[in-house]
Amino acid sequence: MNMRHGLRKIVLVAHIVSSVGSLGAVAGFLALAVAGLTSQDAQVMRSAYVAMEVIARFVIVPLVSASLLIGVVQSLATTWGLFRHYWVVAKLLLTLLTLIVLLLQMEGISYIAAVAVETTFSADLLGLRRSLVIHAAGGLVVLLVTTTLSIYKPRGMTRYGWRKLHNQKGDPV
């Protein structure tokens with residue numbers, strides 16, 4: 001299935017916006033996580049964790065989800081295919097991993113935001129606060145890798161890709 005040129009460009013723009021938007025949102029989330037972990041000001045810490053939940057729930061999750069969905073649609077509707085090239089498969093798996101880890105982290109993010117609204121922080125939340133910084137930094141690295149793969153598109157076709165290519169040319173497999 002191939003998209004018309006105009007529609008393909010619109011889908012490409014949506015994919016770039018959702019992907020790069022999620023990259024920026026995760027960078028902002030990381031900055032807030034570092035501020036929440038390192039600040040000595042209780043108001044800054046509380047505000048950072050409340051803002052982190054809002055950003056995660058209403059910006060990062062939707063953008064990463066959109067990036068994954070649009071990327072799958074785009075790959076199925078173009079000659080790149082979903083499983084033909086290793087770089088596409090790598091982006092798919094990394095984005096899926098990012099979304100899964102993010103969804104698993106949402107409970108902790110919501111919990112620490114609720115605690116920030118209600119009380120002061122205790123030492124038992126230090127591990128969770130550090131975890132948010134580590135996961136945000138890891139997510140940022142993964143999103144940078146997927147962005148790099150999108151730009152450089154390293155060569156290398158999967159076995160499925162080679163089979164499809166040879167079948168299209170009419171070569172025996």
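Quick rundown of the values:
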item: Gaussian network model of the chain, Cα within-10 Å springs - most flexible of 49, 86, 152; result: 152
item: Accessible surface of the chain [probe 1.4 Å, protein heavy atoms]: carbon and sulfur percent; result: 69 percent
item: Normalised contact order of the chain, rounded percent, pairs of Cα under 8 Å and 6 or more residues apart; result: 31 percent
item: Per residue value of the accessible surface for the range 20-153 (all protein chains in place, 1.4 Å probe), Å²; result: 50 Å²
item: Ellipticity estimate at 222 nm from DSSP helix runs (n ≥ 4, -39,500 (n - 2.57)) divided over the chain, nearest 500; result: -27500 deg cm²/dmol
item: For the range 73-137: rounded, prolate or oblate by the Cα gyration tensor [a/c cutoff 1.5]; result: prolate
item: Mean Cβ count within 10 Å, highest first, over the residues of peptides 160-168, 15-23; result: 15-23, 160-168
item: From the coordinates shown, Rg/Rh (Cα atoms, Kirkwood Rh) corresponds to which of (i) 0.96; (ii) 1.18; (iii) 1.12; result: (iii)
item: Stretch gain in nm, segment residue 17-residue 153, where the contour uses 0.36 nm per residue and the Cα spacing is subtracted; result: 47.1 nm
item: Summed side-chain charge close to residue 131 - residues other than residue 131 whose Cβ falls under 14 Å, Lys, Arg +1, Asp, Glu -1; result: 0
item: Net charge of neighbours whose Cβ lies under 13 Å from the Cβ of residue 79, counting Lys and Arg as +1 and Asp and Glu as -1; result: +4
item: Residue 76-residue 134 pseudo-label distance in nm [points 7 Å out on the Cα-to-Cβ vector]; result: 3.7 nm
item: Label zone at residue 168, where the point sits 7 Å out along the Cα-to-Cβ direction: the range 77-91 residues whose backbone N lies under 16 Å; result: 77-89
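The values are calculated or read from the model by the stated rules, or taken from the named source; none is laboratory data. None of the values given here were measured: they were computed from a predicted structure. Please note: Cβ atoms are built from the backbone with ideal geometry, for glycine as well, and neighbour counts cover all protein chains shown. These area figures cover heavy atoms from the full protein model, side chains too; ligands, DNA and RNA do not enter into them. Shrake-Rupley method; radii C 1.70, N 1.55, O 1.52, S 1.80 Å.
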